[in-house]
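Bear in mind that the values in this text are calculations on the coordinates, not laboratory data. All figures in this text were calculated on a predicted structure; none of them were measured in a lab. In this analysis, Cβ positions are derived from the backbone assuming ideal geometry, glycine residues included, and neighbour counts consider all displayed protein chains.
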Ligand SMILES: Nc1ncnc2c1ncn2[C@@H]1O[C@H](COP(=O)(O)OP(=O)(O)OP(=O)(O)O)[C@@H](O)[C@H]1O
Ligand SMILES: [Mg+2]
């Protein structure tokens with residue numbers, strides 16, 4: 001295929017522009033990543049080392065040897081379990097609200113309004129509660145808290161998706177011989193699969209990034225990854241190598257999750273009913 | 001094969017009474033059609049039979065067993081929905097097999113039955129596809145397949161053809177009728193299309209505003225309507241309704257012309273409505289007789305359809321349509337003597353009841 005000269009020019013202009021935008025957005029990530037692989041000398045070198053001579057993994061090894069990397073697994077566990085809980089509970093609540101108008105018309109508005117309270121406002125009462133219940137610095141504590149935090153969001157989102165499921169599909173299944181619970185599992189869940197994944201991603205990311213509560217409600221047993229990173233900002237000096245390496249470790253899971261579920265994040269891809 | 005008995009059925013949505021006392025018996029193997037204008041309660045009645053809506057008062061019995069409080073799944077009914085209700089995430093095979101799997105049928109039986117149903121409906125080649133890869137007509141076949149594959153006691157259809165284009169609809173209509181002959185299951189079919197009702201039904205149940213206006217075989221409703229509503233609902237083009245005065249065995253029209261009264265009118269008098277079907281008006285060949293009336297018509301609109309020509313004229317301020325053979329009238333403005341077969345007309349009293357109706 002031969003391009004028209006003008007179109008060729010327009011095309012190359014567009015490509016150059018796209019490249020510029022790409023560099024603008026990707027460079028910080030590149031820089032962070034590359035620091036994680038640099039030696040201390042390279043990190044502080046001036047002029048900066050744009051491309052390190054040889055990639056070395058010492059920064060990561062230290063994190064694993066000292067046990068710092070465990071915080072990533074803490075985060076993974078807490079965010080993962082709380083996401084599963086929030087999704088399970090929230091989707092059932094959403095179904096109930098959407099189909100049985102549980103709690104009346106304003107109930108779901110009230111639920112989502114809970115999500116709008118600035119978290120810092122309730123840190124203190126929650127802390128006292130956790131102290132009383134012995135939940136401080138436990139997995140259970142953070143999992144419960146994140147589940148509770150995410151529930152309103154999950155209910156709100158899933159309610160919308162459930163309402164989009166044509167009632168006929170559920171009725172056909174009821175007549176065909178399923179009970180309500182089976183209808184939920186075999187018809188509603190497959191129909192809202194796209195919404196389920198999209199909502200789960202945001203729920204997971206929230207729990208993954210949550211900082212204030214993790215900082216205040218944990219000591220050193222179940223430190224999460226964002227809290228751990230702050231330990232490297234010292235009064236005297238900052239441990240750039242550790243900050244960078246830890247940040248990389250903390251970004252990779254999110255990157256995988258988002259890449260894996262990316263197509264569900266586009267809300268437009270809803271399965272929709274088959275109509276005539 | 002099962003028999004359906006409904007007695008004194010009332011259904012309220014809040015304070016809105018959607019069904020106002022339905023009594024209905026559908027014998028084994030019958031094809032029963034619910035027809036009526038939009039909002040008359042057809043779907044509501046069908047859905048209470050399926051168990052998708054609760055009954056407020058009255059009983060529904062299948063084979064003599066009251067099912068009011070049974071869940072839909074326990075009634076063993078199959079239903080075809082207006083929008084097909086196919087599961088987009090399942091293949092055609094799995095869609096048809098859905099009801100069998102829900103009832104835990106063994107795999108070999110599922111295979112056999114789905115195969116048979118697909119064969120019957122001519123969709124064997126589509127079994128591996130996804131619903132979104134099907135045309136509207138094919139989806140409808142799959143939806144019907146889902147119903148026939150099960151050994152249900154009753155088949156319910158809620159306006160299954162209303163999403164198809166006219167040509168496809170005619171084909172599917174014939175197919176549904178053939179299917180009913182083959183399977184012989186008691187079937188209830190909802191439509192607001194009177195032609196569909198006439199062609200499919202063993203029994204038409206004509207609903208109006210939550211009540212049964214009249215029920216019976218299609219031709220009985222057509223030829224002996226009990227009310228003006230029934231007469232007007234069935235038949236296309238619609239029956240002509242003329243305001244008349246009945247006195248001394250003669251019918252006086254608004255423009256002064258007179259017609260002999262039909263036998264059913266004996267003894268009655270006063271203002272009435274005369275119902276004449278367009279096909280019972282014909283070009284007059286002779287004088288008026290005791291059962292043949294004569295009308296003078298000044299034609300103002302001619303609509304040929306090929307075999308028949310719809311011809312319109314006015315009597316008083318009512319537009320009257322006559323269905324005449326082609327070439328009877330060539331153009332508007334012509335004067336045409338018409339004869340009326342009075343034995344096939346119906347007189348309605350002011351409250352809309354047919355004179356002589358039992
Ligand atoms: N869920 C509901 N809540 C309240 N009113 C309802 C509900 N479903 C139906 N109705 C009312 O009950 C009446 C009968 O409705 P139905 O759906 O049975 O009519 P239909 O004869 O099937 O009409 P159509 O030909 O338009 O489908 C209507 O007046 C309708 O507004
Ligand atoms: Mg309806």
**OP:** Could you please let me know if residue B:101 is within 26 Å of residue B:51 (Cβ to Cβ), within 12 Å of another protein chain (Cβ to nearest Cβ) and in contact with a helix residue (DSSP H, G or I) (Cβ under 7 Å, 6 or more places away or on another chain)?
**Re:** yes
**OP:** Could you list, in sequence order, all residues of segment B:13-24 that are surrounded by 14 or more Cβ atoms within 10 Å (Cβ to Cβ) and within 13 Å of ligand 1 (Cβ to nearest atom)?
**Re:** B:17, B:18, B:19, B:20, B:22
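Looking at segment B:48-57, which of the residues that are within 8 Å of another protein chain (Cβ to nearest Cβ) and free of Cβ contacts under 8 Å to residues at least 60 places away in the same chain is farthest from ligand 2 (Cβ to nearest atom)?
The qualifying residue farthest from ligand 2 (Cβ to nearest atom) is B:51.
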Subject >> Filtered residues of segment B:1-17 (kept if under 21 Å from residue B:66 (Cα atoms) and in a strand (DSSP E or B)) >> reply: B:4, B:5, B:6, B:7, B:8, B:9, B:10, B:11, B:12
Original post:
If you check residue B:83 against the conditions, is it within 13 Å of chain A (Cβ to nearest Cβ), buried (at least 19 other Cβ atoms within 10 Å of the Cβ) and in a loop (DSSP other than H, G, I, E, B)?
Top reply: yes
Original post:
Could you say whether any residue in segment B:172-179 is within 16 Å of ligand 1 (Cβ to nearest atom) and more than 14 Å from chain A (Cβ to nearest Cβ)?
Top reply: no
Original post:
Pick from segment B:25-42 the residues that are within 16 Å of ligand 1 (Cβ to nearest atom) and surrounded by fewer than 19 Cβ atoms within 10 Å (Cβ to Cβ): which of them is nearest to the chain's Cα centre (by Cα)?
Top reply: B:37
**OP:** Go through segment B:25-60 residue by residue and tally those that are part of a strand (DSSP E or B) and under 19 Å from residue B:202 (Cα atoms).
**Re:** 7
Original post:
Just for segment A:41-58: of the residues that are within 33 Å of the chain's Cα centre (by Cα) and part of a helix (DSSP H, G or I), which one is surrounded by the fewest Cβ atoms within 10 Å (Cβ to Cβ)?
Top reply: A:44
**OP:** Within segment B:317-345, track down each residue that is out of contact with any strand residue (DSSP E or B) (no Cβ under 6 Å at 6 or more places or on another chain), over 16 Å from residue B:294 (Cα atoms) and not in a strand (DSSP E or B).
**Re:** B:317, B:327, B:330, B:331, B:333
Subject >> Residue count for segment B:206-223, restricted to those that are buried (at least 22 other Cβ atoms within 10 Å of the Cβ) and under 27 Å from residue B:165 (Cβ atoms) >> reply: 2
**OP:** Would you confirm whether any residue within segment B:120-130 is over 29 Å from the mean Cα position of the chain (by Cα), buried (at least 17 other Cβ atoms within 10 Å of the Cβ) and more than 10 Å from every other protein chain (Cβ to nearest Cβ)?
**Re:** yes
Subject >> Residues satisfying the stated conditions in segment B:58-83, i.e. away from ligand 1 (no atom under 16 Å from the Cβ) and either touching a residue at least 40 places away in the same chain (Cβ under 8 Å) or under 29 Å from residue B:195 (Cβ atoms) (or both) >> reply: B:59, B:61, B:62, B:63, B:64, B:75, B:76, B:77, B:78
